[in-house]
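**Student:** Take this structure first; my questions come after.
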Amino acid sequence: MAMRQTPLTCSGAPMLRQGDTGDWIGTFLGHKGAVWGATLNTDATKAATAAADFTAKVWDAVSGDELITLAHKHIVKSVDFTQDSNYLLTGGQDKLLRIYDLSKPEAEPDVVSGHTSGIKKALWSSDDKQILSADDKTVRLWDRSTMTEVKALNVAMSVSSMEYVPEGQILVITYGKTIAFHSAETLEQIKSFEAPATINSASLHPAKECLVAGGEDFKLYKYDYNTGEELESYKGHFGPIHCVRFSPDGELYASGSEDGTLRLWQTTVGKTYGLWKCVVPEEENAEAAKARTTLPGTAEEEIGNALNCQFQLS
């Protein structure tokens, strides 16, 4: 299913994989520097990438063909499509936000200035009427129609990640050991949690039941979103975790690490989904049996309370 395809990056070769199995779909070849960001449009027909070669590129996600190259003056860190896929938002080390009309890629983009350091992340929000962007220690909210800043939020440490959740208009920000939740419309804080280690990325479950986070101690943490209670913590990676994201249906979450691997984790262990198969022994009563989860062709293994599938990025 297109909505479960996951764009992955590794060095100069962004890859597309099937989200529920991790199966390799294809690799986008063309960048001449490290790829810092990748995204799919709403229906997964196009991909966009941001790279250290001072370009952003738009790709046909089905054929893998390069469609558009957008030249910048510095390293590009972030790309994001509007919901209709007609415009692409970029941000990077030159401290500028650019909005490209993809029907006129040769035309000069609209430029938004105001950041005082390199932009780490830029996202459309509020049905593409607003823009959220983050530099070192500041998150800014912009009005698209007037191209002006609505509000700025200063945080104590460098922003390590930012996720926009349309349902409920929630912005998830991580900095230091803090996982903070803000209104995407006003930047007012909703709540925040403190983790035991520096966090590089966090993601909120689509149903807003829980969140997952990962960082410098190689561990994944799962928290109850409503109470802030730590539900689980476990290791699986052998290096710092730089990105975690839930699948659109919330059944899985992915973690990407400095160890060169991507891991897929079941949100609820014991369900048949993708590579995971739930088996109830025939001799036991189905209601009383404890489900076993197996991965085809691998040994059964439980890490904490979550089973994972690992993929080497190459």
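The values are calculated or read from the model by the stated rules, or taken from the named source; none is laboratory data. All figures in this text were calculated on a predicted structure; none of them were measured in a lab. Virtual Cβ from ideal backbone geometry, glycine too; neighbours counted across all protein chains shown. Each accessible area value is taken on the protein alone, full model and side chains, heavy atoms only, with ligands, DNA and RNA left out. Shrake-Rupley method; radii C 1.70, N 1.55, O 1.52, S 1.80 Å.
**Student:** Find how many whole Å separate the alpha carbon centroid of region 235-253 from the alpha carbon centroid of region 82-158.
**Tutor:** 26 Å
**Student:** For residue 78, which sequence-distant residues (separation of 5 or more, or a different chain) have an amide H within less than 5 Å of its own amide H, given hydrogens modelled in the peptide plane?
**Tutor:** 91
**Student:** Once phi is turned into θ = phi - 60°, what whole-Hz ³J(HN,Hα) does the Karplus curve with 6.51, -1.76 and 1.60 give for every residue of region 71-78, x standing for Gly and Pro?
**Tutor:** My calculation for region 71-78 gives 6, 10, 9, 7, 4, 9, 10, 9 Hz in order.
**Student:** If you don't mind, another one. Just to make sure I understand: if all protein chains stay in place, what is the order of 77, 222, 151, 235 by accessible area at 1.4 Å, largest first?
**Tutor:** 235, 151, 77, 222
**Student:** Also, I was wondering about something else. Going down the table (73/191; 73/219; 73/104), which pairs top 27 Å between alpha carbons?
**Tutor:** Distance filter (> 27 Å) returns 73/191; 73/219.
**Student:** Accessible area, 1.4 Å probe, largest first: how do 119, 25, 75 sort?
**Tutor:** From most accessible down to least: 25, 75, 119.
**Student:** Please give the net charge around residue 177, taking every other residue with its beta carbon less than 14 angstrom from that of residue 177, where Lys and Arg add +1 and Asp and Glu add -1.
**Tutor:** Neighbour charge sum, excluding residue 177 itself: -3.
**Student:** If you don't mind, there's one more thing I want to ask. I'd like the Karplus ³J(HN,Hα) series for region 49-55: coefficients 6.51, -1.76, 1.60, θ = phi - 60°, whole numbers in Hz, and an x wherever there's a Gly or Pro.
**Tutor:** With the stated coefficients, region 49-55 comes to 9, 10, 9, 6, 8, 6, 9 Hz.
**Student:** Sticking with this one: Mind running the shape call on region 1-153? Use the C-alpha gyration tensor, a ≥ b ≥ c as the square roots of the eigenvalues: rounded below 1.5 for a/c, prolate if a/b tops b/c, oblate otherwise.
**Tutor:** Prolate.
**Student:** For a paramagnetic label modelled at 7 Å from the Cα of residue 42 toward its Cβ, which residues of region 105-142 fall within the zone defined by backbone nitrogen distances under 11 Å?
**Tutor:** Output list for this probe position: 127-128.
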